[in-house]
Amino acid sequence: MRMYDIILKKRNGSPLNKDEIDYFVQGYTQGNIPDYQASALLMAIYFKGMNHQETINLTQSMVDSGDSVNLSEIKGIKVDKHSTGGVGDKTTIALAPLVAACGVPVAKLSGRGLGHTGGTIDKLESIPGFSTSITNKTFINNINEINLALAGQTANLAPADKKLYSLRDVTATVDNIPLIASSIMSKKLALGTDAIVLDVKAGNGAFMKNIDDAFSLAKEMVNIGNSLHKDTIAIVTDMDQPLGYTVGNSLEVKEAIDLLRNKSPRDLKLLTITLGAYMLLLSKVVKTKQEGMDKIQDTIESGKGLELFKSFIKKQGGDIACIENTDLLPQASTIVPYEANKGGYIHKIKANIIGSVSLILGAGRNTIGDKIDLSVGIVLNKKVGDYVTKGETLAFIHLNKEDKIRPCIKKLADAYLIKDTPPKPKPLIYGIITKKGVERL
Ligand code: URA
């Protein structure tokens, strides 16, 4: 087999077979195929696409490129959740203990990554002492004891994806549905859970800017998961404005803890309860989505979710005093209000711009080596649909470096759209994709 022929075949629009895909993926991972040939194939895939079977084969090949986590010692049906990423998305922090408190084993591997804030691990590290450096044995034991553990992603989980993603990043081949779907699902499949609930975001703060593309990505991922024997469903949700009110690491942890105390904004709570309901459904703890929603709601109200969160944090070395008193979490030295320059109804709070402000403040990473500031970020004071008067506070900027005030305020001016009449209400959840089909809400 020659890489030249594989590139030519795809360039001419023909589907690749499993052997050709394996040759490329394993060869590239092992360093036997040069970047220029891999880049050429990625670009050919970008323009000619991949059919479902090719996408499934690409995913399996990337899983086979490294280790898989063996979770067979964990009792019960293990369910994972993955979000394609959005601004202010702290859902996992509250969702994982809620689902675990309902009796479902939750084995989470999370990353740090680049972005407007840190990943789930960075966020949880706002809690002093909390660590994801736990052995495999502790990971399994903790799940068997309290149904929840969180560890960092190991280097050898789908290493082909890591290498290919870096190449896609510098060859303008990231935004392609078969490549995104196989990339995400390869990492999920390498983690040996039985089922997965995907939250595919649509909007200006998400990978997929429009709703139809988000549905296409969701359908592709659901198809890959179910074809490779992982019970998979997806919901497509709005990411035009940030989720909840906070963006920033410790600020988001506080908001997630507030949710576990039943003090939460409507959007964050609705999303958490909906994702939780589907996780319970896939794990067969409930028979209907409504039963699942009621169960998650009861788990919030009874305080069982909060108790499980404390046990989880304690088991991984964290100081639970910060949960009892969230004022002990890292705090920024200065809080600056950002005020409305006119009165009216808020039509837009552009999530991508709020994300970039968070990055300027130092809450996220531009490059892998960047150190993030856990205490800084934005706290919205109003959401889309709210009425503001001129001079009223739209958001609070939490910062440690005074020289960031001007660039942040300049950017925030572009984030808001305020008009005289109220906006048309928009749904938070656009639809659900299961192996049976698509339900648009
Ligand atoms: N996230 C991933 O893990 N892979 C992609 O290709 C895009 C987003």
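FYI, it's all coordinate maths here, none of it is from the lab. What you see is a predicted model, and the numbers here were worked out from it, not measured in a lab. With ideal geometry, Cβ positions are generated from the backbone for all residues, glycine too; neighbour counts draw on all protein chains shown.
The residue among H229, A256, T288 whose Cα reaches farthest toward the positive pole of the charge dipole of segment 225-293, with charges on the beta-carbon of Lys, Arg, Asp and Glu, is T288.
With 0.36 nm allotted per residue and the present C-alpha distance subtracted, the N144-H229 stretch has 28.3 nm of extension available. Here the simple spin-label model places points 7 Å from the Cα toward Cβ, and for T135 and D414 these points are separated by 5.2 nm. Here K75 and K435 are evaluated by their C-beta separation; at R0 = 22 Å the FRET efficiency comes out at 0.30. Among P15, L71, I349, flag the residue with its Cα farthest along the positive direction of the charge dipole of the chain, charges on Cβ as +1 for Lys/Arg and -1 for Asp/Glu. Final value for the positive-end residue is I349.
Annotation for segment 171-217 versus segment 1-29: alpha-carbon center distance of 23 Å.
Seen from a random direction on average, the alpha-carbon convex hull of the chain projects onto 20.8 square nanometres. Note on K219: aspartates and glutamates with a C-alpha under 18 Å away, same-chain residues under 8 apart excluded, are E54, D80, D175, D199, D231, D238, E439.
Label separation (Y387 vs Q30): 6.9 nm, computed from points 7 Å beyond Cα along the C-beta direction.
Mind checking the dipole of segment 243-375: about its Cα centre, +1 per Lys or Arg Cβ, -1 per Asp or Glu Cβ, Debye to the nearest 20?
On the way: 18 positive and 15 negative charges, 87 e Å.
Here segment 243-375 has a charge dipole of around 420 debye.
Which entries in the list K163/K230; K163/K315; K78/K188; K263/K350 go over 22 Å, if you measure between the two C-alpha atoms of each? Correct reply: K163/K230; K163/K315; K263/K350. Each Lys and Arg contributes +1 and each Asp and Glu -1, all at the Cβ; summed about the Cα centre of segment 333-441, the dipole is approximately 480 debye.
Note on K424 and I335: the model spin-label points, each 7 Å out from Cα along the C-beta direction, lie 3.7 nm apart. The residue list A363, H398, G385 was ranked by how far each Cα lies along the charge dipole of segment 363-403 toward its positive end, using unit charges on Cβ atoms, and G385 comes out on top. Distant-in-sequence amide contacts of D89, defined by a placed amide H-H separation under 5 Å and a gap of 5 or more residues or a different chain, comprise L243. Looking at the chain, what % of its DSSP beta bridges pair antiparallel, to the nearest 5? Bridges in the chain that DSSP calls antiparallel: roughly 55 percent.
On full extension, the segment bounded by R266 and T154 gains 36.8 nm, given 0.36 nm per residue less the C-alpha separation. Think of each Lys and Arg Cβ as +1 and each Asp and Glu Cβ as -1; about the Cα centre, that makes the dipole of segment 207-280 roughly 300 debye. Note on T288 and A321: the extension gain reaches 8.2 nm, defined as 0.36 nm multiplied by sequence separation minus the Cα-Cα distance.
The H on the amide N of A149, modeled in the peptide plane, is under 5 Å from the matching H of V106, K108, each at least 5 residues off or on a different chain.
Taking the centroid of alpha carbons for each part, segment 390-441 and segment 70-140 are 26 Å apart.
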